[in-house]
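The values are calculated or read from the model by the stated rules, or taken from the named source; none is laboratory data. Worth saying up front: this structure is predicted, and the values here are computed from it rather than measured. When we count neighbours, we look across all protein chains shown, and the Cβ atoms used for this are built from the backbone with ideal geometry, even at glycine. When the accessible area is computed, the model is the full protein with side chains, heavy atoms only, and any ligands, DNA or RNA have been set aside. Shrake-Rupley method; radii C 1.70, N 1.55, O 1.52, S 1.80 Å.
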Amino acid sequence: MGRLGNVQPGRVYVDCAPCRRSGRYTVASLIDRYGADVPTVDLLRHLTASCRYQRRPGATPARKYEHLCLAAITLPPPAKQIPPVPPGVPYTIEVWRDAGGNVALHLATIYPLSMALAAFEAACREWPTHEVTLRDRARIVRKREVPPRVDGASPS
């Protein structure tokens, strides 16, 4: 496991089911108390040292009906890595439902207009019976209308 100094700021939760104890600590207070170089496994041992079911390292294994300390430590989730957003305005390509007039499928969000136009042409070929739009937010850049159906006409 990692070291406490590598943990993101937030709350650390320690819970033990057999003794029904739980603790909530901030990462900053734990770093002040134990230091940034303490491994998280050792931190768990320090925080659960007073548990009556805790066994010291190297102790004989617990027998069948003996209780064990089952304390678990939950660290704050790591910071999400958000990819950089390219400059410009995103274009969206959408396929619309035949009935109802709402979006059936959001195909893509593409940034350069040249790539968005190529993807729009590919979507038009892939969905020949549906209305397909290329939009810049609410403004429609390109729209492929569905040809009207002729009902009751027989091919001759």
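Protein heavy-atom surface of the chain, 1.4 angstrom probe: 55% of the accessible area is carbon and sulfur, with nucleic acids and ligands not counted.
Taking H placed 1.01 Å from N in the peptide plane, check which residues at least 5 places from V38 or on another chain put their amide H under 5 Å from its amide H. So V38 has HN proximity to L4, G5. Placing unit charges on the Cβ atoms only, positive for Lys and Arg and negative for Asp and Glu, gives the chain a dipole magnitude near 980 debye about its Cα centre. Looking at the chain, what % of the alpha carbon pairs are farther apart than 29 Å? When every Cα pair of the chain is considered, 55 percent fall beyond 29 Å. A Förster radius of 25 Å, combined with the Cβ-Cβ distance separating V41 from T109, puts the computed FRET efficiency at roughly 0.05.
Heavy atoms of the protein chains alone define the surface here; on that basis the range 6-113 has 71 Å² accessible area per residue at 1.4 Å probe size. The phi-based Karplus calculation (6.51 cos²θ - 1.76 cosθ + 1.60; θ = phi - 60°) puts the 3J(HN,Hα) values of the range 4-17 at 5, x, 8, 7, 5, x, x, 10, 10, 10, 10, 10, 10, 6 Hz, whole numbers, x for Gly and Pro. Sequence-distant contacts, meaning Cα pairs under 8 Å at least 6 residues apart, place the relative contact order of the range 1-133 at 22 percent.
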